[in-house]
1. Under the rule of at least 5 residues apart or a separate chain, name every residue whose amide H is placed under 5 Å from the amide H of THR20.
2. What aspartates and glutamates does LYS26 reach when the alpha-carbon gap must be under 19 Å and sequence neighbours fewer than 8 apart in one chain are set aside?
3. Which order results if TRP45, TRP36 are arranged by neighbouring Cβ count within 10 Å, fewest first?
4. Which residues does the label zone of ARG102 cover in segment 51-69, counting backbone N under 13 Å from a point 7 Å along Cα→Cβ?
5. Rounded if a/c is under 1.5, else prolate if a/b is larger than b/c, else oblate: which is segment 13-130, with a ≥ b ≥ c the root eigenvalues of its Cα gyration tensor?
6. Using 1/(1 + (r/R0)^6) with R0 = 30 angstrom and r between the beta carbons of HIS32 and ASP66, what's the FRET efficiency to the nearest 0.05?
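Readers should treat all values here as calculations from the given coordinates under stated rules, not as data from a laboratory. Here the structure is a predicted model, which is why all the values come from computation and not from measurement. Cβ coordinates were reconstructed from backbone atoms using ideal geometry, including for glycine residues, and neighbour counts include every protein chain displayed.
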Amino acid sequence: MDTKKTEQTQARLSAAKGTTFEACAKAYIEAHKASWRQERHAKQWDQSLAKHAYKIIGKLPVQEIDTALIMKVLEPIWQKKTETAKRLRGRIECILDWAKVREYRQGENPARWRGHLENLLASCIGACHTKPC
């Protein structure tokens, strides 16, 4: 009986580790949209992720997302669409934190700004140098 329970637990863990970024994003949006002031925020989250992130990392297991993939998402828009890129980075960071708490991934968050991406991407113009983008 213990063997069967262990196998079931392993199967659940394997399934969780295979959960895609897009599935985590949709679950995160669903879990948080009631706390957002306006309904359109959920749409904005989904639209920005669909336009810029899902095509690169959407179908990947959330555990496999690393800094190189985050850079691949952000670099094309970082200089041209700075505000969009900053919001997108923050959204990805929130989703990956959510996935870690749900035990779908382990390790550091590759979308974290302070002490991480701030070393790879140009800082924002002006006062933003003292704050996370």
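1. VAL62
2. Excluding near neighbours in sequence, the set is GLU39, ASP46, GLU64, GLU93, ASP97, GLU103.
3. Working: TRP45 22, TRP36 13.
Going from sparsest to densest Cβ surroundings: TRP36, TRP45.
4. Taking a point 7 Å out along Cα→Cβ of ARG102, the residues of segment 51-69 whose backbone N falls under 13 Å are 61-63.
5. On the way: a/c = 1.72, a/b = 1.27, b/c = 1.36.
Taking the square roots of the gyration eigenvalues as a ≥ b ≥ c, segment 13-130 is oblate.
6. After rounding, the FRET efficiency stands at 0.75.
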